[in-house]
Amino acid sequence: MGGDFWLSTPNGVVVTKARKKLKEDKILIGDFVEVDLENKVIEKVYPRNNSLIRPEVANVEQVLIIIAPIPKPDFTLIDKLLIKFLSLGIIPVLVINKMDLTEKQFIIDIESQYKPVCKILKTSVLDIEQTNKVLLPVLKDKFSVLTGQSAVGKTSILKTLLPNVNMEIGDLSLKTARGKNTTRHSEIFLLNNGGLLADTPGFNAFELDDYSPQLILDNCPEFAEFNTKCKFNNCSHIAENISICGVKQAVRDKLINKDRYDRYCDLYNQAKEKESKKYE
Ligand SMILES: Nc1nc2c(ncn2[C@@H]2O[C@H](COP(=O)(O)OP(=O)(O)OP(=O)(O)O)[C@@H](O)[C@H]2O)c(=O)[nH]1
Ligand SMILES: [Mg+2]
Ligand SMILES: [Zn+2]
């Protein structure tokens, strides 16, 4: 903080500053950098595989989107995150946390929406052994990031995996009242199976800014199985008559989740509107 960058090197963590020429805000968590170890100065940021704004992080391989029965999931937010990560080639994993508070219907609903989209895992930080068992194999040898709404339990999960880590956990009721995040900065931790895991601040809003309608369509993976049955190659699965749209038929036949489909229509139409405004 305050212009300091904590750098992991083969000889341990080194606190560095950025070279004046490098704007500090251009360095992100997850960046690979060239460093002058003698003067503890970052000289150069290497080209990134990817970078995200929410959460603000670079070179991510996998994102764990944490959800919980409380606070209630914002499904549109989850869908937008999934589209973003899939479009960047980042592996998304949905983690249902607070399983100790979860009712069966909640799980059924989540699985019916997201099973065809990404891996779904279940955790409760009250069951340390099970949480480790479920998460560690998925995190092994990858750089993963915890993300999701505030108070779903991201930091709590990190602490379950690394009990000695010194990060603050929030109080749900206090936080809701204040509307504040507990975690304010991102930090990367090394797991003893070689995985790297970053905790990041939660957020309750996220936009797909410049995403075209086509990009949104292309990142709804559950449509792929059915769009071969659409009469036209460029079918958007929205305005077309059901008789010529394989995706619409699959929604009718309950082979595609209707809530997911309805939200897709909204996101597609919003992107379409944005696009048309751009050329006005
Ligand atoms: N019952 C139950 N409570 C949990 C579980 N995981 C987290 N909590 C509680 O949920 C609240 C929020 O936990 P945090 O770990 O601070 O949530 P966070 O996602 O890191 O929140 P931000 O940092 O604000 O984004 C705390 O009161 C935790 O004790 C769980 O598995 N079961
Ligand atoms: Mg946190
Ligand atoms: Zn179609």
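Let me spell it out: the conditions are (1) at pLDDT below 95; (2) under 22 Å from ILE29 (Cα atoms); (3) within 11 Å of ligand 2 (Cβ to nearest atom); (4) not acidic (Asp, Glu), and LEU208 meets all of them except one. Which number is the exception? The one condition LEU208 does not meet is (3). The requirement of being under 18 Å from ASP262 (Cα atoms), out of contact with any helix residue (DSSP H, G or I) (no Cβ under 8 Å at 6 or more places or on another chain), free of Cβ contacts under 8 Å to residues at least 40 places away in the same chain and assigned by TED's automatic domain parsing to the domain that holds THR147 is fulfilled nowhere in the range 81-96; no residue meets it. A Cβ distance below 6 Å, combined with a sequence gap of six or more or placement on separate chains, defines the contacts here; from the range 268-280, residues that are in contact (Cβ under 8 Å) with a residue 60 or more places away in the chain reach residues that are assigned to a helix (DSSP H, G or I) and surrounded by 10 or more Cβ atoms within 10 Å (Cβ to Cβ) in the pairs ALA271/PRO213; ALA271/ILE216. Which of the residues spanning the range 88-108 are assigned to a helix (DSSP H, G or I) and either out of contact with any Leu (no Cβ under 6 Å at 6 or more places or on another chain) or hydrophobic (A, V, I, L, M, F, W, C) (or both)? Passing the criteria: MET99, LEU101, LYS104, GLN105, PHE106, ILE107, ILE108. Restricted to the range 126-180, and to residues there that are modelled with pLDDT under 90 and among the hydroxyl-bearing types (Ser, Thr, Tyr), the residue that is farthest from ligand 1 (Cβ to nearest atom) is THR176. Test LEU267 against the criterion of being crowded, with 19+ Cβ neighbours inside 10 Å, outside the structural domain of LEU28 (by TED's automatic domain parsing), of a type outside the set (Gly, Ala, Ser) and touching a helix residue (DSSP H, G or I) at 6+ places or on another chain (Cβ under 9 Å), and give yes or no. In short, yes.
The values are calculated or read from the model by the stated rules, or taken from the named source; none is laboratory data. All values reported here derive from a predicted model rather than from experimental measurement. Neighbour counts are summed over all protein chains in view; Cβ atoms, including those assigned to glycine, are modelled from backbone coordinates with ideal geometry.
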